[in-house]
2 protein chains.
Amino acid sequence: MNATIYQSAINIAAKVGLYLSLTMLIPALVDLYFGHPDWKVFALSACLMGSLSLVTVAATQGGPPPFNRKMGFLLVNLLWLVVSIVGAVPFWLSSVNLDFAEALFESVSGITTTGSTVIAGLDNAPPGILVWRSLLHWLGGIGIVALGLFVMPYLRVGGLSFFKMESSDTTEKPFARIVTYTRAFVLIYIVMTVTCAVIYGYLGMNRFDAINHAMSTIATGGFSTHDASLGYFNSLPILWVATFFMTLSSLPFSVLILFIVRGRLDTLKDPQIIVFLSYLTVLAIAASLFQRLENGVAFHEALAHSFFTVSSILSTTGFASDDYMLWGDFIVALAFAATFMGGCSGSTAGGMKAYRFIIIFNSIRAGLYKLIYPNGIHTVRYGKALVDIDVQRTVFLFFTAYMMIWAFGSLAMGAFGYDLLTSASAIATALSNVGAGLGPIIGPAGNFSTLHDPALYLLSIMMLLGRLEILTVLVVLTPLFWKE
Amino acid sequence: MNATIYQSAINIAAKVGLYLSLTMLIPALVDLYFGHPDWKVFALSACLMGSLSLVTVAATQGGPPPFNRKMGFLLVNLLWLVVSIVGAVPFWLSSVNLDFAEALFESVSGITTTGSTVIAGLDNAPPGILVWRSLLHWLGGIGIVALGLFVMPYLRVGGLSFFKMESSDTTEKPFARIVTYTRAFVLIYIVMTVTCAVIYGYLGMNRFDAINHAMSTIATGGFSTHDASLGYFNSLPILWVATFFMTLSSLPFSVLILFIVRGRLDTLKDPQIIVFLSYLTVLAIAASLFQRLENGVAFHEALAHSFFTVSSILSTTGFASDDYMLWGDFIVALAFAATFMGGCSGSTAGGMKAYRFIIIFNSIRAGLYKLIYPNGIHTVRYGKALVDIDVQRTVFLFFTAYMMIWAFGSLAMGAFGYDLLTSASAIATALSNVGAGLGPIIGPAGNFSTLHDPALYLLSIMMLLGRLEILTVLVVLTPLFWKE
Ligand SMILES: [K+]
Ligand SMILES: [K+]
């Protein structure tokens, strides 16, 4: 690879690092407002990382960046890496006393919208730190939607793309379209967050909690300002509102963007939306029935907690309303299976995502037909669209790579001394960016604060792998990528 | 499908049912010899199922059977189903008091060479029943190798085939070759069993135990005549001999057949053999080191038990020398991962098998290269041979179908009330035909005798699915298969 690519990639990543450093002034102001001495930590981190970024930007200034696939892959990996490290600095320096592995984990968990936390005692944590965590979620959410809308389709990693659905719009210039769509998206994202915060506030959260939880909800992040997560508020209406916004945020943003920009609602017919909402409903009703019939919970409570919990996992948010480990073995199995599933593409949700399951199921059917009639033509469709062989391959590669990495990761966690349920659920929840694990340590009633550093580094890598759709990272790890 | 296919398939399956009924006279003689009254059960079962089979054969007699793919798929499914039901009858009627679900489970577990048992108190079980279990393993082993050698390649399910490796031999007539190879295979299978039995006897097993365990070892079955499995004999030499024969039996029989028939050893270069032996060695040494360093076990003991346990799971035999649940969390994770892996194709071993992992890893690499250079040619190879797109597809279909069925099956077990470890390991051990699960109920120190009937039926289906390489069964469940 030629040097221009490195230089340009580092330059762009450093610019983003600079913006993120400036954002640290927000938690600094919050700490100042609440009179917490940690405002100095944020001010110092902003100066430190800001000047480091500025120097890097200046040192790598050059001509216009080259645009090709290698540059795309390199830049995406570098961006998430730089942002993770910059984001970690305030955690490392702050009064919450995290070592570097813990600070990096918390930052990666924030920016990847995973929401696993190593901070125990959130209820008494400095307000600036809590805001910084929410901000990382919120910005990470914008980043991942932008990546899904504009970059992944070009890199051919994400499978289906917004632009493919929109291939009829060839009249406009692509760049003008990107600007229009980005504006529409950020506007929608802000409006959703504000609406969610206002309703949370109306239902009894104080202003600070409402804003933080709204950012965490819309980004399908999962960080909370309380150790008991949403269970702290002990309010069924709040659970229903969270359920609504988590579910909305796991639908493709393209639906809302197209509605705002063009007044069109036809992308609502996207098969992944139907499939996602179907499996959400089926799992939630199964959990409700189990809660009602096995545990004798009042039906309206069972319904609220089940829909909340299932949509929290499927949207890959990871909020908890209760310790569902205690609900029964069936719920544990269901939560575990749901951890892999995920939401829709083009949203802030992670996991395998509904469209991949559609393609996998249709491919299996076509493959079985081919075994019966080897010479017949057996096409694979997504809705009405034909899925070409390259997209099928990418989906299968993603699925197998995901399962292999999960297996190896779980084995490594086992070697670090953790039991199988903790190991397997930690890797799965990190890869899917859900954030809540299973078992007594990292389950809904626990957190990641007791994990050793090697496990935290491993899980940080898993969160980044999952967030960048795995293949994007694996590509950069092949020798071929670095040749020439 | 036309009626001739049904008629012929039923006719052939009934003939095989007749042979299996006649085989019941062996345990009848054994019970007579030991003076156990259950000889009547076997005699009765032989008469009952023998005459039923005979009537069916007579009623479905017709012209020569049509040979096409539909017939192949139908026949394979029907054969394993009929043999499972016929094999269950003696268990159902015998003095060990099994209900039908349990009897069917034990029979399916035998014929699929899974080796999970619902019979607690094997040490005092009637000798005829013990012999019947071993015989089902032994015959099931012959059946599956024959299927892999002659039928699966034709149905294009197994991926790689013995005949493809042998495509240079076009001078002979295929049928003559099938007869030669079948003779060679059965001869090798008998010689291996006798050798294994003689060595077991030499090392201290009584004649009855030696013969039963030899049949179980060579078939990579796992049924034992003692609740403590091979741990009963408390002998490291016996563990090493079992390790040797289990490993040998998970190598492709084609290697030995070609050596006997033609004096050729070049198929030893088959990449799956190297990969299989490599991961066996790596996992066994990892387990030995863990045992030595974490638990302070003497090195020669750690080595013997670790190699035995790892090769027992990877060869999908499922013998136990010890309750390895107690060795530590890392070993539990390792045993769980190994449950999926399996041996080589063309053997009696189940699981995903080494050649599939080779193809998957090479496909992932090629897929990543394609993401970097979308217009380049990125081939997938197995050793030196090119793997065509259809074989790649079948391997990915198998992998995804396997994981999906495992997930759904585990959820169903959860709904039946079992904990996640029991559920997930039960389905995995059944799908891979290993036989040993994890956790207190079905782990190496337990058995399947306390499972409810719905779970036993589900696991019986899983064992058959796994044994017939999943796709063979799924094909028959598609609507397209039954059209026309
Ligand atoms: K999350
Ligand atoms: K077995």
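The values are calculated or read from the model by the stated rules, or taken from the named source; none is laboratory data. Just so it is clear, the model here is predicted, and its values are computed rather than measured. All Cβ positions, glycine included, derive from the backbone under ideal geometry; neighbour counts span all protein chains shown.
Quick one: count up the residues across segment A:366-413 that are within 25 Å of B:W482 (Cα to Cα) and either of a type in the set (K, R) or touching a His at 6+ places or on another chain (Cβ under 7 Å) (or both).
Count: 4.
Taking the criterion of being in contact (Cβ under 8 Å) with a residue 12 or more places away in the chain and within 16 Å of ligand 2 (Cβ to nearest atom), would at least one residue in segment B:295-308 satisfy it? Spell out the reasoning first.
Taking segment B:295-308 and keeping what is in contact (Cβ under 8 Å) with a residue 12 or more places away in the chain, we get B:295, B:300-308.
Remaining after also requiring within 16 Å of ligand 2 (Cβ to nearest atom): B:308.
Yes, segment B:295-308 contains at least one residue that is in contact (Cβ under 8 Å) with a residue 12 or more places away in the chain and within 16 Å of ligand 2 (Cβ to nearest atom).
Could you list, in sequence order, the residues of segment B:193-225 that are within 16 Å of ligand 2 (Cβ to nearest atom) and farther than 18 Å from B:I142 by Cβ?
Of everything in segment B:193-225, those that are within 16 Å of ligand 2 (Cβ to nearest atom) and farther than 18 Å from B:I142 by Cβ turn out to be B:S224, B:T225.
Among the candidates A:L236, A:L230, A:L268, A:L258, which residue alone is within 16 Å of ligand 1 (Cβ to nearest atom), hydrophobic (A, V, I, L, M, F, W, C) and out of contact with any Gly (no Cβ under 7 Å at 6 or more places or on another chain)?
A:L230
For the condition within 16 Å of ligand 2 (Cβ to nearest atom) and either in a loop (DSSP other than H, G, I, E, B) or within 14 Å of another protein chain (Cβ to nearest Cβ) (or both), what is the one hit in B:V108, B:V118? If you could, list the steps in order and put the result at the bottom.
Working: B:V108 fails: either in a loop (DSSP other than H, G, I, E, B) or within 14 Å of another protein chain (Cβ to nearest Cβ) (or both).
Every option except B:V118 fails the conditions.
Hey, does segment B:274-288 have a residue that's hydroxyl-bearing (S, T, Y) and more than 28 Å from B:H137 (Cα to Cα)?
Scanning segment B:274-288, I find at least one residue that is hydroxyl-bearing (S, T, Y) and more than 28 Å from B:H137 (Cα to Cα), so the answer is yes.
Of the residues B:S425, B:S347, only one is assigned to a helix (DSSP H, G or I) and either more than 29 Å from B:L268 (Cβ to Cβ) or within 16 Å of ligand 2 (Cβ to nearest atom) (or both); which? First the steps, then the outcome.
Details: B:S347 fails: assigned to a helix (DSSP H, G or I).
It is B:S425.
Please identify the pairs in which a residue from segment A:133-149 that is part of a helix (DSSP H, G or I) has its Cβ atom under 7 Å from the Cβ atom of a residue that is among the basic types (K, R), counting only partners at least 6 apart or on another chain.
A:I144/A:R467
Go through (1) within 17 Å of the chain's Cα centre (by Cα); (2) within 30 Å of A:F357 (Cβ to Cβ); (3) buried (at least 23 other Cβ atoms within 10 Å of the Cβ) for B:F340 and report which single condition fails.
The one condition B:F340 does not meet is (3).
Keeping to segment B:226-241, report how many residues are under 18 Å from B:S116 (Cβ atoms) and crowded, with 24+ Cβ neighbours inside 10 Å.
The total comes to 2.
Give all pairs with beta carbons closer than 6 Å in which a residue from segment A:41-63 that is surrounded by 12 or more Cβ atoms within 10 Å (Cβ to Cβ) meets a residue that is in a loop (DSSP other than H, G, I, E, B); count only pairs at least 6 apart in sequence or on separate chains.
Cβ pairs passing all conditions: A:V41/A:S94; A:F42/A:M24; A:S45/A:M24; A:A46/A:M24.
Only one of (1) over 15 Å from the mean Cα position of the chain (by Cα); (2) surrounded by 23 or more Cβ atoms within 10 Å (Cβ to Cβ); (3) within 27 Å of B:I360 (Cα to Cα); (4) in contact (Cβ under 8 Å) with a residue 24 or more places away in the chain is not met by B:S423, so which one is it?
Unmet for B:S423, out of (1) over 15 Å from the mean Cα position of the chain (by Cα); (2) surrounded by 23 or more Cβ atoms within 10 Å (Cβ to Cβ); (3) within 27 Å of B:I360 (Cα to Cα); (4) in contact (Cβ under 8 Å) with a residue 24 or more places away in the chain: (4).
Considering only segment A:315-364, state which residues are out of contact with any Gly (no Cβ under 9 Å at 6 or more places or on another chain) and more than 10 Å from every other protein chain (Cβ to nearest Cβ).
Across segment A:315-364, the qualifying residues are A:L326, A:W327, A:C344, A:N362.
If A:G121 satisfies every condition in (1) modelled with pLDDT of 95 or more; (2) on the phi > 0 side of the Ramachandran plot but one, which is the exception?
With (1) modelled with pLDDT of 95 or more; (2) on the phi > 0 side of the Ramachandran plot applied to A:G121, the lone miss is (1).
Which one of the conditions (1) touching a residue at least 24 places away in the same chain (Cβ under 8 Å); (2) surrounded by fewer than 24 Cβ atoms within 10 Å (Cβ to Cβ) does A:L438 fail to meet, given that it meets all the rest?
A:L438 satisfies all of (1) touching a residue at least 24 places away in the same chain (Cβ under 8 Å); (2) surrounded by fewer than 24 Cβ atoms within 10 Å (Cβ to Cβ) except (2).
Please specify each residue of segment A:386-422 satisfying the condition of being touching a Gly at 6+ places or on another chain (Cβ under 7 Å), assigned to a helix (DSSP H, G or I) and at the interface with another protein chain (Cβ under 8 Å from one of its Cβ atoms).
Hits for segment A:386-422 are A:R393, A:T394, A:L397, A:L420, A:L421.
Go through segment A:441-484 and report how many residues are free of Cβ contacts under 8 Å to residues at least 24 places away in the same chain, in contact with a Gly (Cβ under 9 Å, 6 or more places away or on another chain) and part of a helix (DSSP H, G or I).
So the answer is 1.
Give, as residue ranges, the helices (runs of 4 or more DSSP H) completely inside segment A:1-105 that count at least 1 residues that are charged (D, E, K, R) and over 28 Å from A:G115 (Cβ atoms).
A:69-93
Going through segment A:276-293 one residue at a time, which ones are closer than 24 Å to A:R381 by Cβ and within 14 Å of another protein chain (Cβ to nearest Cβ)?
Selection gives A:Y279, A:V282.
Scan segment B:305-335 for residues that are farther than 24 Å from B:S347 by Cα and of a type in the set (G, A, S) and jot them down. Spell out the reasoning first.
Pass one, segment B:305-335, residues farther than 24 Å from B:S347 by Cα: B:322-333.
Selection gives B:G328, B:A333.
Taking A:P374 and the conditions (1) touching a residue at least 60 places away in the same chain (Cβ under 8 Å); (2) assigned to a loop (DSSP other than H, G, I, E, B); (3) within 12 Å of another protein chain (Cβ to nearest Cβ), which numbered condition does it fall short on, given that it satisfies the others?
(1)
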